[in-house]
Structure formats: structure tokens, C-alpha cells
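The structure under discussion appears below in the form of C-alpha cells.
What follows is calculated from the coordinates using simple rules that are stated; it is not laboratory data. In this text, all values refer to a predicted model and were calculated from it rather than measured experimentally. Positions of Cβ are generated from backbone atoms using ideal geometry, with glycine treated the same way; all protein chains shown enter the neighbour counts.
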Amino acid sequence: MKQAIAAGIVRWTGVGALFRNLFARRNVTIVVYHDPDPEVMRAHLAWYTERYSFTTLDAVADALESGRWGDLPPYPLVVTFDDGHRNNARLEPLFKEFGVRPTIYLCSRVVGTARPYWWKTAAAARIGAETLKRLPDPERRRQLAEAGDDPDRDGADRQSLTWDEVRHLAAVTDYGAHTRTHPILLQCDDQRCAEEIALCKTELEEATGLPCRHFAFPNGDFSDREVAIIRQAGYRTARTIDPGWNGPKADPLRLHAVPISDDASVDWLSVQVTGIPAWLRKRKGDGVTPAPTPTHGDPLPAA
């Protein structure tokens with residue numbers, strides 16, 4: 001009900017168009033998905049096509065590095081997917097149909113296996129995934145192990161893309177790193193944090209034969225430490241889930257983005273893409289996900 005009311009307000013007041021013209025005309029919008037169904041994604045891509053121009057993270061990085069921001073199309077929009085869910089492969093025909101080249105962020109120790117994402121295990125369900133996100137990483141892993149989880153054991157159903165699918169999709173997508181195992185990086189010690197960030201890049205490049213230039217922070221959590229490691233590892237960009245747009249002075253290792261619900265109706269999409277729902281949740285202290293997050297940059301205004 002609240003979503004319907006909010007969508008109605010945005011539609012009838014013209015707030016969505018106002019935000020798009022004020023913030024998105026010459027600034028980059030980055031949208032974040034995880035595991036949407038093809039039917040939902042088709043509707044979303046059709047909606048974007050009427051209002052935005054698709055571009056890529058490499059094009060954004062080129063514009064930031066060269067200073068030629070005008071090389072980007074008007075209303076530039078980048079589509080991204082976190083985690084590398086197996087159903088992302090079903091979206092390939094849509095990427096071709098709509099001429100969009102998204103970035104899929106992969107966890108290098110999960111992709112190509114039947115290992116479940118740790119927050120989707122039975123052990124995590126018993127303890128509570130959000131509770132686990134708040135724990136120091138060694139304690140999180142200890143509690144999962146005590147509850148019966150083996151991170152190297154295959155699950156009953158594969159959740160991630162296979163390496164063959166990854167290599168096949170490379171014709172229509174770019175790949176980025178999302179760490180090896182998707183820990184909350186702020187909960188990791190220095191060594192584990194560096195390994196999760198740097199070795200993910202190495203492992204993805206070895207498996208695909210392609211350069212891995214982009215990174216996304218698991219759960220959106222990061223600090224200056226993570227940014228320094230990402231820079232040293234040689235990534236061109238790092239994407240947060242801090243709501244907002246990206247202008248010609250944006251920090252490429254702290255790119256703002258707008259989370260979109262995988263099951264969002266087109267009306268609710270029109271609300272979410274303004275960044276207002278994510279911004280309000282962050283201002284309330286909830287973050288986009290319930291795990292605690294520090295303040296990263298300014299919300300809403302373009303960098």
C-alpha cells in the first residue's frame with residue numbers, strides 16, 4: 001500500500017521527471033539488481049529505454065580519467081547485478097534486445113560451484129543473516145560452522161553462474177569483483193580484507209581470461225581501508241550502494257548507486273530510481289540493508 005501511494009505521488013506530481021532532469025541529465029545513474037526474473041527485467045529495461053541512455057562502467061571510468069565528461073550520452077545509466085546469481089544467464093536475450101551491457105559482480109569462490117551464498121544457508125536462517133552481518137568475520141564463520149555450515153560443501157541447488165555461463169555472457173556483459181566469499185569487509189581483519197579484494201580479481205581474470213576492472217562492496221559497507229586496497233589492486237571503479245548520482249568530479253572508487261528491488265513494479269521502479277527511498281532509509285540509520293553502515297559520502301547530490 002505504501003509503495004502504491006508513493007508511486008502515485010511521484011507519477012502525479014512529476015517528482016520523478018523533476019529529479020531526472022535535475023540530477024540525471026548530465027550525471028550517471030547506476031542501478032543495482034541481484035536476481036530479477038526476466039519478465040520484471042524486460043519491463044524495467046523498456047522503462048529505462050524511454051528515459052535514459054545505457055552506458056558502461058568502462059565508459060564512465062574513461063570519462064572520469066580523461067575529463068571528457070561530455071563524451072557520455074545524455075541521461076547516462078549503468079545497469080549492475082550483484083553476486084552472479086544463476087538466473088542472470090536467463091537475461092541474456094534482454095541485454096541483446098535492449099542494447100544494454102551491464103556489469104555483473106561475481107564472488108570468485110562461489111561462481112562455478114554449487115556452494116550456497118552464506119546468508120542463504122540453513123545455518124544462517126537459524127541464526128539470522130542480519131545478526132551474522134554484525135559480527136566480526138571470524139565469529140560469523142565460527143557460528144555458521146557450529147550451526148552445521150561447511151563453506152566448501154556443495155548445496156542441493158546451484159545458486160551461482162557456472163564458469164561456462166560466465167564466459168558465454170562475456171559477449172554481452174562486463175564482469176566485476178564482489179570479493180571471494182562475500183564477507184562484510186568492515187568485519188574482516190586487514191589480511192582477510194586484502195585477500196578478499198585482491199585475490200577475487202586475480203581468480204576472476206584467471207578463470208575468464210578477461211581483465212577485471214570493477215569492484216562492488218558487499219552489503220555496501222566500506223571505509224578508507226577498503227578503498228586503499230582496491231586502488232592498490234588496480235581496479236578502475238568501485239561501486240557503493242550510497243544513494244545518489246555521479247558527476248564529472250565523482251570519486252571512481254566511491255561511485256554512488258540506486259538499489260532497485262528485483263520484484264519492483266514499474267510504478268515502484270519510478271520511485272526507487274529517484275534515490276529517495278534508499279536515502280530515507282539511510283537517514284533513518286537503517287541503510288539499504290539492516291547491517292550497520294558508516295556514512296560514505298553525501299547522499300543524493302551528484303559528486
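Worth pointing out:
- Of THR240, GLY155, THR49, farthest towards positive along the dipole that unit charges on Lys, Arg, Asp, Glu beta carbons give the chain: THR49
- Think of the chain as a dipole: +1 on every Lys or Arg Cβ, -1 on every Asp or Glu Cβ, centred on the Cα centre; then among VAL110, PRO218, THR13, THR13 lies furthest on the positive end.
- Taken over the chain, lysine pairs spaced eight or more positions apart, or on distinct chains, with alpha carbons under 24 Å apart number 8.
- Taking a point 7 Å out from the Cα of TRP47 in the direction of its Cβ, the residues of the stretch 11-37 whose backbone N falls within less than 17 Å of it are 11-21, 24, 29-37.
- Trypsin sites (Lys or Arg not before Pro) within the stretch 18-88: DSSP coil, no more than 10 neighbouring Cβ in 10 Å: none
- Once the Cα atoms are used to define both axes, helix 224-233 deviates from the longest principal axis of the chain by about 80 degrees.
- Calculated FRET value between ASP150 and ARG86, using beta carbons and R₀ = 25 Å, to 0.05: 0.75
- Note on the stretch 115-157: with charges restricted to the Cβ of Lys and Arg (+1) and Asp and Glu (-1), its dipole about the Cα centre is near 180 debye.
- Relative to the Cα centre, the charge distribution of the chain, modelled as +1 at Lys and Arg Cβ and -1 at Asp and Glu Cβ, gives a dipole magnitude of about 840 debye.
- Applying 1/(1 + (r/R0)^6) with r as the Cβ-Cβ distance of LYS96 and ARG281 and R0 = 35 angstrom yields a FRET efficiency of 0.55.
- Contour minus Cα-Cα distance for LEU18 and ARG134 (0.36 nm per residue): 38.0 nm
- Long-range amide H partners of ALA177 with built H, under 5 Å: LEU106, HIS214, PHE215, ALA216
- For the stretch 138-199: rounded, prolate or oblate by the Cα gyration tensor [a/c cutoff 1.5]: oblate
- Degrees separating the helix 38-49 axis from the principal Cα axis of the chain, which is the longest one: 40 degrees
- Simple label model, 7 Å out from Cα along Cβ direction - ASP267 to SER66, nm: 4.3 nm
- Taking a ≥ b ≥ c as the square roots of the eigenvalues of the Cα gyration tensor, the stretch 115-157 is prolate, since a/c reaches 1.5 or more and a/b is larger than b/c.
- Theoretical gain in end-to-end length, ASP190 to VAL172 [0.36 nm per residue, Cα-Cα removed]: 3.0 nm
- The length gained on full extension between LYS249 and THR208, counted as 0.36 nm times the residue separation minus their Cα-Cα distance, comes to 11.5 nm.
- Nearest 10 degrees, 0 to 90: helix 137-146 Cα axis against the chain principal axis: 60 degrees
- By the helix-only formula, in which each DSSP H run with n ≥ 4 contributes -39500 (n - 2.57) and the sum is divided by residues, the chain has a 222 nm mean residue ellipticity of -11000 deg cm²/dmol.
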